[in-house]
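Student: My structure is below; once you've seen it, I'll send some questions.
The values are calculated or read from the model by the stated rules, or taken from the named source; none is laboratory data. These figures come from a predicted structure and were not determined experimentally. Positions of Cβ are backbone-derived with ideal geometry, glycine not excepted, and every protein chain shown enters the neighbour counts.
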Amino acid sequence: MSLELMRKWFNSLPESEKDLPLLHVGNAFYTPRQALYEVERGTKIGEQLQRLVEEGRFGTDLNALAKARLLQVLEKTPYKIGTLTGKAYSPEELAEMLKKGELTPELKLLMETEIELAKRTLGLAKKVVGGE
Amino acid sequence: MDARRLKQVEAFLRAGDYNSALRWLMADPELYNYVVTRMINALLSYPGGKISDLNGNVWNTADLAMELRRGRWLPVHFNFLLSEIDMIERELGV
């Protein structure tokens, strides 16, 4: 995948996905925006990120990715999240539970959603390459 | 600029030996200050302004820059160190 295709992939993403963790290299998760930045700078980390995109891999297991994404999503969530049991959690409570690994059914559902969105985001790279 | 030292630091980083990488870099204070200053600049303008790690931390890159200024290195800093060394080596043509 060339730099041009990386840009095309990035531009095809919904705005909400551009700044959420997607790929893991070394000690950090990178968002699509950061991945493109590293590729544009021509760093070795950029090369590794580009390879992950090409191969449709996240560079880590799905649960770790979902957790990283959800923690960032919760940081920006301004309201409480209600559950079917009638309890409502603040984003801070949920983030704390997530960090401790206390996965309630609601948290599991939110993580599954993040996994689906991450798969779709990475899947768009194949479409971009396919439409070359 | 000691390009050989940079190469050695890079080799330690690639091997995941962060302690040796840092020790090797710190042995040349001028080079250390130059690299750290570049890293701080890169962190202050990093796209998105946040970066996550596997331990569930979400870091503001500006906070990471401050930590570095205080001399406190976190695992996530080593990704930025590797990128900056790449850039310097390219500029030096080594």
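For (1) in contact with a helix residue (DSSP H, G or I) (Cβ under 7 Å, 6 or more places away or on another chain); (2) surrounded by fewer than 18 Cβ atoms within 10 Å (Cβ to Cβ), each residue gets a yes or a no:
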| site | (1), (2) |
| --- | --- |
| B:L44 | yes, yes |
| B:G49 | yes, yes |
| B:S52 | yes, no |
| B:G56 | yes, yes |
| B:A62 | yes, yes |
| B:A65 | yes, no |
| B:R70 | no, yes |
| B:W73 | yes, yes |
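Student: Same structure, new question: Take the stretch B:71-87 and flag every residue that is within 14 Å of A:I45 (Cα to Cα), more than 8 Å from chain A (Cβ to nearest Cβ) and among the aliphatic types (A, V, I, L, M).
Tutor: Within the stretch B:71-87, B:L81, B:I85 qualify.
Student: Just one of (1) facing chain B (nearest Cβ under 10 Å); (2) touching a residue at least 60 places away in the same chain (Cβ under 8 Å) trips up A:L74, so point out which.
Tutor: Failed condition: (2).
Student: What number of residues within the stretch A:27-59 are in contact with a Leu (Cβ under 7 Å, 6 or more places away or on another chain), free of Cβ contacts under 8 Å to residues at least 24 places away in the same chain and among the small types (G, A, S)?
Tutor: Matching residues across the stretch A:27-59 total 0.
Student: Looking only at the stretch B:45-65, how many residues end up being without any contact (Cβ under 8 Å) to a residue 24 or more places away in the chain and either β-branched (V, I, T) or under 16 Å from B:Y32 (Cα atoms) (or both)?
Tutor: Residues in the stretch B:45-65 being without any contact (Cβ under 8 Å) to a residue 24 or more places away in the chain and either β-branched (V, I, T) or under 16 Å from B:Y32 (Cα atoms) (or both): 2 in total.
Student: May I ask you to say which residue of B:E30, B:E84 is closer than 25 Å to A:R33 by Cβ and out of contact with any Gly (no Cβ under 8 Å at 6 or more places or on another chain)?
Tutor: Only one candidate qualifies: B:E84.
Student: Determine, yes or no, whether A:L124 is modelled with pLDDT of 90 or more and not small (G, A, S).
Tutor: Spelling it out, it is not the case that A:L124 is modelled with pLDDT of 90 or more and not small (G, A, S).
Student: May I ask you to list the residues in the stretch A:38-52 that are more than 12 Å from A:V25 (Cα to Cα) and β-branched (V, I, T)?
Tutor: The answer is A:V39, A:T43.
Student: What single numbered condition from (1) part of a loop (DSSP other than H, G, I, E, B); (2) among the β-branched types (V, I, T); (3) under 16 Å from A:L122 (Cα atoms); (4) away from every other protein chain (no Cβ under 13 Å) fails to hold for A:V53?
Tutor: All conditions are met except number (1).
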